[in-house]
1. For segment 96-194, which GluC sites (Glu not before Pro) are in a loop by DSSP, counting at most 13 other Cβ atoms within 10 Å?
2. Grab the Cα-Cα distance for residue 122 and residue 168, subtract it from 0.36 nm times how many residues apart they are, and report the gain in nm with one decimal.
3. Going toward the positive end of the dipole of the chain, with +1 on Lys and Arg Cβ and -1 on Asp and Glu Cβ, which of 259, 70, 4 do you reach last?
4. Given charges of +1 on the Cβ of Lys and Arg and -1 on the Cβ of Asp and Glu, with all other atoms neutral, how large is the dipole of segment 49-268 about its Cα centre, in debye to the nearest 20?
5. Measuring from a point 7 Å past the Cα of residue 238 along Cα-to-C-beta, which residues in segment 143-157 have an amide N at less than 11 Å?
6. Work through the residues other than residue 198 whose Cβ is under 10 Å from its Cβ and net out their charges, Lys, Arg +1 and Asp, Glu -1.
7. Using R₀ = 35 Å, calculate the FRET efficiency as 1/(1 + (r/R₀)^6) where r is the Cβ-Cβ separation of residue 31 and residue 312; round to 0.05.
8. Do any of 280/302; 211/302; 280/354; 3/302 go past 27 Å between their Cα atoms, and which?
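Please treat every number below as a calculation from the coordinates, not as lab data. Predicted model, so just to flag it, every value in this text is computed and none were measured. Backbone-built Cβ (ideal geometry, glycine too); neighbour counts: all protein chains shown.
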Amino acid sequence: MSKYVLIPDSFKGTLSSLEVCRIVAEEIRAQEPDAEICAIPVADGGEGTVDAFLAAVGGQRVRVACHGPYGEPLSAEYGLLPDGTAVVEMAAAAGLPLVGERRNAERTTTYGVGELICHAARHGAQRIVLALGGSATNDGGCGAAAAAGVRFLDENGAAFVPVGATLKDIAHIDLTGLDEAVRCTLFTTMCDIDNPLCGPAGASAVFGPQKGADPAMVRRLDAGLRHLAEVLLRCTGRDVLTLPGGGAAGGFGAGAAVFFNSPLRMGIEAVLELTDFDAKAADADLIITGEGRLDSQSLRGKVVVGVARRAKALGVPAAALVGGSETDIGAAYEQGLCGVFPIHPAPGALEEVKPLSREHLSFTAANLIRFYRAVRQKSLPAQ
């Protein structure tokens with residue numbers, strides 16, 4: 001009996017990681033009904049992270065009344081895992097889907113994310129995993145910190161809740177009022193990027209345009225985050241200007257590191273730890289991962305390469321099912337992949353092949369399993 005571990009990312013905009021697991025598992029069972037299948041649907045910190053964790057290890061959803069990216073009343077959820085870990089997805093209270101076409105990174109806030117954090121901490125969460133990704137904000141996490149009791153003061157000593165446009169007005173930051181339950185909770189922050197806080201590769205320049213920022217606004221937002229970094233250094237002694245991942249989610253990575261004393265980890269590393277991947281995969285015959293596209297970004301800590309590295313360390317072969325890939329993927333093989341299998345049989349525009357993704361994934365997964373079993377059994381299909 002063979003053992004397969006399925007640990008794909010979503011094919012963004014097409015198939016969720018849960019759907020990918022389900023399709024691949026169906027093809028395995030069609031050819032090997034008694035196979036052992038361990039499915040670990042994952043997300044690397046972006047939208048769907050709570051769903052992926054709950055599907056992988058169980059737990060429950062906790063619904064909370066909070067505030068949205070423009071301060072509007074909102075009902076949002078976080079996940080509570082069986083071991084007492086709370087998974088807070090910032091997109092639940094400050095994500096792009098919540099603003100629709102009203103994108104203005106100078107005015108949006110992460111305050112609601114802080115309310116989710118406080119609820120989890122005050123209700124006994126032993127640990128909080130903060131999933132950054134898909135944000136509509138550029139406030140450096142100041143809104144979330146303010147919700148948790150951090151005070152931001154202007155030059156006149158007046159307290160206010162900073163947003164992207166008013167980061168420049170922060171003269172002093174007082175962390176002494178941080179909620180005690182939050183202070184006593186261990187944090188891990190999942191980032192799916194390693195961009196710094198500021199500069200050409202920073203939060204504002206790279207991600208500001210998708211949040212409604214024109215070039216002039218990008219410059220203002222970048223200056224605001226740089227000012228925040230200067231005040232944080234002066235008030236806390238923490239230098240976050242060049243922190244890898246500090247630019248995640250509009251600078252929330254940098255804010256989480258200081259306000260919540262949280263280490264920043266590439267999302268897949270946190271997933272592998274929390275799902276006990278090594279123990280589940282150590283005796284596997286084949287690990288199957290995947291994502292929508294395998295490219296240079298995949299080599300910067302994304303799901304496929306993160307899984308491949310761990311599989312290589314375990315000595316277990318790993319294959320990737322992908323929507324598409326660049327032709328130069330030699331580095332992915334060096335990291336531990338044994339094979340890359342694009343699911344679409346012919347090149348085409350995304351909108352053309354998107355409706356066929358389910359069918360194409362099923363077909364390619366079946367071919368992968370058939371080939372793997374033939375090689376493993378050193379036999380050919382019956383004539």
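1. Details: sites: 101, 106, 115, 155, 180; in loops: 101, 106, 155.
Sites meeting the loop and neighbour criteria: 101, 155.
2. Values: separation 46, 0.36 × 46 = 16.56 nm, distance 3.16 nm.
So the extension gain works out to 13.4 nm.
3. The residue sitting most towards the positive pole is 4.
4. Numbers: 17 positive and 21 negative charges, 12 e Å.
It comes to approximately 60 debye.
5. Counting only backbone N, you get 145.
6. 0
7. Values: r = 26 Å, r/R0 = 0.74.
Efficiency for this residue pair is about 0.85.
8. Working: 280/302 20 Å; 211/302 22 Å; 280/354 32 Å; 3/302 24 Å.
From the list (280/302; 211/302; 280/354; 3/302), the Cα-Cα distance tops 27 Å for 280/354.
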